Structure formats: structure tokens, C-alpha cells
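Below is one structure, written out as C-alpha cells; the observations come after it.
Read-outs throughout are calculated quantities, based only on the coordinates presented, and are distinct from any laboratory measurement. Here the structure is a predicted model, which means the values were calculated and not measured. Methodologically, a virtual Cβ is constructed for each residue, glycine included, from the backbone with ideal geometry; neighbour enumeration extends over all protein chains shown.
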Amino acid sequence: MDDQLIIRRLDRMHASACAALHATGFLHPWAEAEFESLLLAPEVCGGGLFLPDAMGQSVLIGFVLSRHAADEAEILTIVMAPSHRGRGHSNALLQAHIEAVAHIGATCLFLEVDVDNAPARALYGRHGFEKVGERKGYYRRPDGSRSTALVLRRNFVSAPDSGKSK
């Protein structure tokens, strides 16, 4: 991974950049207002991958958002700029996010992925996600047909007993 890449927490000021980047990876992208709402929600955590441009300004090139409830979390979306795909950046972003979600107390992380999205499925497989279900007809394709979403889960290793009663 490039030495200049930085992963940091996202906040509402990143909503516009998230919406623009999301539009490069999804047929039905989310609006800026949706990202602003998500980034303000206390149950949502997100990390962005930033790279300095020629002027030294940080440019968002990838991000991931999850929602957590109780001891579970779900990846809502993850995207990498087309010009940065295939370079290992998604691996670093997802690993950092997995660690952040585990740190806030999640014992497992869920996501849905299109059965036809081989690169994403390979990424999730490298990070220990396993298929736990399917949602037939979940995703709408450009031609109007529907594709199946695979429901994947990654369990986290439990923390050592901290002396709490069982």
C-alpha cells in the first residue's frame, strides 16, 4: 500500500465526497443527504481512505460504513475509486474497519454482496467472511433483471474473560 495513504474516521463534512465516490461503484447510488444522515447517526461508524493530491489536500479514494446494534454490526456500503481498485487498498481499508468494529464491541460483522461480484466476494473471503444466507432478487441489474445477494458473516474472536461473572 502507498505510504501516503491514510485511513481515518468519516464525519458529516465527508458526505458530498462519499456520495460522489459511491456513484462510481453502484447502479443506485445514495444521495449526499443520505450520507450526511448516516454519518451523524451514533450507531454508524465509518472509515475513509485518503490520499494527498498534488496540492497536498486529502482526497477520499475509498470508504466503508457500518451500523452496529448490541453486539452485531453490518457493513452498509464499501467502495473504492475506480482508479485505485486492484491495488490492495480495499484490503487495508476493510482490515482497519474490522478492527474498529470489533473495538466497539461487535462480536460479528454481516454484509450483503451480489453473487456476481467476484472481486468483492474474494475480498470478503480473504477477511474471513462466510456465507450464512441468500436474498434472491435483492439487487436490480441495469437490464431490469434481479440478482441474488449473498449474506456473509465474520465472527470475531472473543476477548479473554475480563473477570465478569458468567
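One table, with the values for the structure above:
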{"quantity": "Mean projection area, nm², convex hull over Cα of segment 7-75", "calculated": "4.9 nm²"}
{"quantity": "Estimated translational D of the chain in µm²/s (Stokes, Kirkwood radius over Cα pairs; 4 °C; 1.567 mPa s)", "calculated": "77 µm²/s"}
{"quantity": "Unit charges at the beta carbon, dipole of the chain: most positive-side option, His22, Asn155, Cys45", "calculated": "Asn155"}
{"quantity": "Net charge over other residues, Cβ less than 11 angstrom from the Cβ of Arg140 (K, R count +1; D, E count -1)", "calculated": "0"}
{"quantity": "Label-to-label distance, nm, for residues given as Lys136 and Phe26 (7 Å Cα→Cβ offset)", "calculated": "2.5 nm"}
{"quantity": "Gain in span if fully extended, Asp143 to Ser83, counting 0.36 nm per residue against the direct Cα distance", "calculated": "19.1 nm"}
{"quantity": "Net lengthening on full extension, Asp114/Ala96 (0.36 nm per residue, minus Cα-Cα)", "calculated": "4.2 nm"}
{"quantity": "Packing-based ranking, highest mean first, of 126-138, 8-20 given that Cβ atoms within 10 Å are counted", "calculated": "8-20, 126-138"}
{"quantity": "Global form of segment 72-166, assessed from the alpha-carbon gyration tensor, a/c cut-off 1.5", "calculated": "oblate"}
{"quantity": "Highest to lowest packing among 68-76, 106-114, 23-31, scored as the average C-beta count within 10 Å", "calculated": "106-114, 68-76, 23-31"}
{"quantity": "Packing-based order for 92-99, 33-40, 139-146, using average beta carbon neighbours within 10 Å, highest first", "calculated": "92-99, 33-40, 139-146"}
{"quantity": "Sum of side-chain charges, Val101 neighbourhood, beta-carbon under 12 Å (Lys, Arg +1; Asp, Glu -1)", "calculated": "-3"}
{"quantity": "Value of [θ]222 nm, deg cm²/dmol, for the chain, DSSP H segments ≥ 4, -39500 (n - 2.57) each, nearest 500", "calculated": "-7500 deg cm²/dmol"}
{"quantity": "Charge dipole (debye, nearest 20) of segment 1-120; +1 at Cβ of Lys and Arg, -1 at Cβ of Asp and Glu", "calculated": "280 debye"}
{"quantity": "Virtual spin-label span in nm between Met55 and Val157, 7 Å along Cα→Cβ", "calculated": "4.5 nm"}
{"quantity": "Inter-label distance, nm, simple model (7 Å from Cα along the C-beta direction), Arg67/Ile104", "calculated": "1.2 nm"}
